[in-house]
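Inspection log for the structure reproduced underneath, given as structure tokens.
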Amino acid sequence: MGIRFILMVNKQGQTRLAQYYEYLTLEERRALEGEIVRKCLARTEQQCSFVEHRNYKIVYRRYASLFFLVGVDNDENELAILEFIHLLVETMDRHFGNVCELDIMFHLEKAHFMLEEMVMNGCIVETSKSNILTPIQLMEKA
Amino acid sequence: MAGGVSSSSYYSSSIMETLFQRTLEDLIKGLRLQLIGESAFVSKAIEEIRREVKSTDPHTKSTALQKLSYLASLHFHDMSWAAFHVVEVMSSSRFSHKRIGYHAASLSFHDDTPVLLLITNQLRKDLASTNEFEVSLALECLSRISTPDLARDLTPEIFTLLSTTKIFVRKKAISVVLRVFAKYPDAVRVCFKRLVENLDNSDPQILAAVVGVFCELASQDPGSYLPLAPEFYRILVDSKNNWVLIKVLKIFAKLAPLEPRLAKRVVEPICDHMRRTGAKSLMFECIRTVVSSFSEYESAVKLAVVKIRELLVDDDPNLKYLGLQALSVIAPKHLWAVLENKEVVIKWLSDEDPNIKLECLRLVMAMVSESNVVEISRVLVTYSLKSDPGFCNEILGSILCTCSRNAYEIIVDFDWYVSLLGEMSRIPHCQKGDEIENQLIDMGMRVKDVRPELLQVARGLLIDPALLGNPFLHRILAAAAWVSGEYIEFSRNPFELMEALLQPRTSLLPLSVRAVYIHSAFKVLIFCLHSYILQSESMTSSFPDNLVLGVSELVLKRNMLEGSDLTTCEAPSAHCSEGFNPSNQSYEDLSIENGGDRTINHGQTSTPAFSENIFTYDSIINLINQVELALGPFTGSHDAEVFERTRHILCFIELIKGEITECLVQKGKTLESEEMKASKIIKLISDAFSEELGPVSVSAQQRVPIPEGLLLKENLDDLETICADFQVPASNLFSLGSPYYGEEVGVSPFGLQNKEESEPSNEATSLLTEHRKLHGLYYLAPEKNEIVGNDYPPANEPKLQVNPKNDTEDLVKLTVQSLATNKKPNHAKTRPVVVKLDEGDLVTITAKRPETKDDLVSGAVREVLVGSDTRTATSQRNPSDKSSSKRSKRKGKEKLNVDCSELKENLGDSEKLKHENPSSRKNKHSINGKERRHKSTGKIGEEGEENGQKGKQKSSHRHARHKASHRADAPLNVVSQTPVIPDFLL
């Protein structure tokens, strides 16, 4: 599975994007997000970006007001996931131009498409920004 | 349109609806404004959506669905009710609508969604669409929601897409395969070959996808993928893409332990990457691969440790953390790596990140050995005093866990360890009561030599009234009480213990623990009376020495060969004539005795274990009165356990009181005193109590034959309803006895697991008693009860005579004592015997693996990889193998026959091979490898049309090779369990 879920959460703990690669019920998701947000948002800049949670790891990174949290299997490479998060942010940056929380809120679908291009079935399949964005731009035109 | 406030007024006609429908954007804006509160706003929006989604206008419908998906995804709103509408929107002809539908489907559908049956055709249609975005949508959706049925029905389409020339689609098809395999293992037979072919693809996107898939597949069952090692090796050496390299490394981490020759081959390239790469992620992956799977390769490990060191001293907390993690992976095999970085590890132990601290703690515990356990524990306990409660308990927990591992394997000086436990109990944040309790009792039962010290520690805990106020300590106190009752013969002053057990502050204890106190008091009482009787007997026989012998006899009855006993014998009548006022005397003596405690254990001269003279008439009468007085109030207790135990004691006292007074009056005169009823009873009970309790094997219950007619597997659902009305008391937390036991009672009294029953599980019994009363018919004959019943201690009521001065002194002494131990762990001392139950201590879990889907997948993979030669051969004969899936399915069925015919050929092959010189084979192969590499590099430019052809050629080439190697090694065993790697290794 590799990646189990990707969350974007703001400072206040509101979820701005949630993408799961395994089916969870609403209640499970609510509980999970609550626990994770509580765990990760309390941490300081000087602490490491990895948190063990239940039987997997969460790799997170903060950009301005937004936290990007990725839940991964235990043998996943944490640093690679950090790079992945960064790539995601760069991609969104390129698309939206200096991306901010509002962009993601109002263009949630697009954010999802980018993720879909990058991650499939929990595996990272695409890491080139232009490869990710081309289909999205094409779709927009269509 | 204005926010969300006034939207409910316009919705009469559908045109109006369409015109004035709120878009997703409006919804989000409205949510942000929050004029009427989020939940009210959302429910209003949902109301609208429910209406809009039924609209005939596709735009209105899809917008409604879009909004619903948004609310479902971010506001946890149920959208299962809209499943049918999702299907409708999915089948829309407009891409933008379809997109919304698909997104909603992947968000909300799961295996049990009924409408899934309806989408098969839609998916099939979209998978075959000429619009690659539609195909992509369908693939994406399939990767999230595919069920066995969907996977089965759509396998042909996926198969086709696996070799499509559209990279954009193909890479997604490759990723979907993983999910399809998981849901429908038979798809492996159809798709696997094409999947493997993609490994040779030079397109980086395809390669990334396919390596990702194999990484996942290999993590489930690495063995099946060994035959593909050469392809992975090529990627490892050639690829420049770090993402791909990381995945390949993960694959090798799984494969290498299975095949040493492979490990030997890949370890060098991995080290190369580790040395050369500038990417920390790749470097870390190399490190992780080496420490986890290549730990026998000295040079690689050394290199990895150097790199780990770099991570450890980095300022980035992430790297620090990962470095520590890598160290803890390697610690079991190469402890030197940890020791080398000892200072760093200790330094980060006080890092501000709890995760880092925790890793450090694990590492420190990994360094613990017989020789340094005392020192390290000392440092850690001191450190825990300064830590926050959470980490403090982590520390204590890991000390407890490490020291008790494997029946206290690393402990040599048990006296030290027991006193450490005593000390831990006094740490303010300590919440490890359960564990400490278990260990105190467990050691008492397993390690005979530690009992005197154990009693001292127990005494220290019991007589400190301050501890009674801390609920986390209650279970430790229960253990201490039990110890004091069980091993009272080592006490220098039983009266003092009795007083501690009966002190007024015990009212702070939960009833379950009080019951232990009461029972312990009973044991102490019996012990005192018995000692007294022995003493008076020997007095009557007018041999002063006997009196002592009588006492020590009792001790010896338990096979105790302690120094203190000997001293008892040697210095028999030290203070024969003193101490007629024991209750005062005892407290005055306290300090002296305390001082002596420790020395006694080392066999030096000191006061005897207890001065025989303390069992005087007055003291005994005093004792009895004290017990009576303290326990009186409990006769009205509602707790069955407390009540019953109190009654036992009081009745007993009733029984003996008259006689004993008489007998005591006549002391020194009546030779027949031993004939008396009272003393007989006392002796009997005393005998019963001195029956030694031993540890019970975890698997003990398994050895009990199941009685005929007992159905263990019977459905006990109805018990749940019974247990539901049976409330576990709040005191549960502090109950004495194995925690499991208590839980079991809560869930089902028939818990099949057998936990250590050897400990007194007081509350559990009381619960059981209650439960038994209620639901007697579910119970077996009461054997268990007897066992448990035995170990119970009693309690009493304390007059507040406990002198606070003594307590503080006590504390001081305790610390001094522990410091004393600290000075030099007494290594000269031989390790005492620890009772181990050979099979019993290891929980043997028979791992019965049901055949899972993974197994099916790997079975199929093996079949394809190892046995596929037959298939390849067939397909070679049929050049028109553009396999519609029906064909391939049929082929699967035919396979058996084909196999047979092939087998003959194979035998021929293998014979041919046998004639070849192995060295020539080796040469041939290495050439092969080179050739292949050439080909693949040469191919880069000319993907397109030629791709298919080349792939086919190459694959047949490769498969031929596989066949050769396989046949050569195991000619007759077509589906060999350990697939042989091609000779690329030789």
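Per-residue answers, yes or no, for (1) buried (at least 16 other Cβ atoms within 10 Å of the Cβ); (2) away from every other protein chain (no Cβ under 11 Å); (3) in contact (Cβ under 8 Å) with a residue 24 or more places away in the chain:
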position: A:L102; (1), (2), (3): no, no, no
position: A:F113; (1), (2), (3): yes, no, yes
position: A:E117; (1), (2), (3): yes, no, no
position: A:E126; (1), (2), (3): yes, no, no
position: A:E140; (1), (2), (3): no, no, no
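Taking A:T134 as the residue in question, decide whether it is touching a Leu at 6+ places or on another chain (Cβ under 7 Å), closer than 24 Å to B:I206 by Cβ and hydroxyl-bearing (S, T, Y). For A:T134, the condition - touching a Leu at 6+ places or on another chain (Cβ under 7 Å), closer than 24 Å to B:I206 by Cβ and hydroxyl-bearing (S, T, Y) - is not met. Considering the range B:330-382, and only residues there that are within 14 Å of chain A (Cβ to nearest Cβ) and of a type in the set (D, E), the residue that is surrounded by the fewest Cβ atoms within 10 Å (Cβ to Cβ) turns out to be B:E352.
Only residues that are within 14 Å of chain A (Cβ to nearest Cβ) and aliphatic (A, V, I, L, M) were counted in the range B:77-88, giving 3.
Residues in the range A:67-86 that are farther than 21 Å from B:A326 by Cβ and surrounded by fewer than 19 Cβ atoms within 10 Å (Cβ to Cβ): A:H86 alone. All conditions but one from (1) under 26 Å from the mean Cα position of the chain (by Cα); (2) part of a helix (DSSP H, G or I) apply to B:E423; the one that does not is (1). Among the candidates B:A151, B:A138, the residue that is under 25 Å from A:L138 (Cβ atoms) and either within 11 Å of chain A (Cβ to nearest Cβ) or of a type outside the set (F, W, Y) (or both) is uniquely B:A138. Taking the criterion of being over 15 Å from the mean Cα position of the chain (by Cα) and away from every other protein chain (no Cβ under 12 Å), the residues of the range A:48-79 that qualify are A:R54, A:N55, A:Y56. Scanning the range B:291-313 for residues that are outside any helix (DSSP H, G or I) and crowded, with 20+ Cβ neighbours inside 10 Å gives a single hit, B:F294. Among residues belonging to the range B:402-411 that are in contact with a helix residue (DSSP H, G or I) (Cβ under 8 Å, 6 or more places away or on another chain) and not in a helix (DSSP H, G or I), point out the one that is nearest to B:R446 (Cα to Cα). Checked the range B:402-411; the qualifying residue nearest to B:R446 (Cα to Cα) is B:I411. What about B:T164, is it modelled with pLDDT under 90, of a type outside the set (A, V, I, L, M, F, W, C) and more than 25 Å from B:L74 (Cα to Cα)? Yes: the conditions hold for B:T164. Filter the range B:109-131 for residues that are buried (at least 18 other Cβ atoms within 10 Å of the Cβ) and either more than 9 Å from chain A (Cβ to nearest Cβ) or more than 17 Å from B:M79 (Cα to Cα) (or both) and give the result. If the condition is that a residue be buried (at least 18 other Cβ atoms within 10 Å of the Cβ) and either more than 9 Å from chain A (Cβ to nearest Cβ) or more than 17 Å from B:M79 (Cα to Cα) (or both), then B:T113, B:L116, B:I119, B:Q122, B:L123, B:D126, B:L127 are the ones that fit.
Taking the listed residues A:E45, A:E109, the one that is within 10 Å of chain B (Cβ to nearest Cβ), assigned to a helix (DSSP H, G or I) and of a type outside the set (K, R) is A:E109, with no other qualifying.
Residue check: B:Y233 meets all listed conditions (1) under 21 Å from A:M120 (Cβ atoms); (2) at pLDDT 90 or above but one, namely (1).
The values are calculated or read from the model by the stated rules, or taken from the named source; none is laboratory data. All values reported here derive from a predicted model rather than from experimental measurement. No Cβ is skipped: glycine too gets one built from the backbone with ideal geometry, and neighbour counts run over all protein chains shown.
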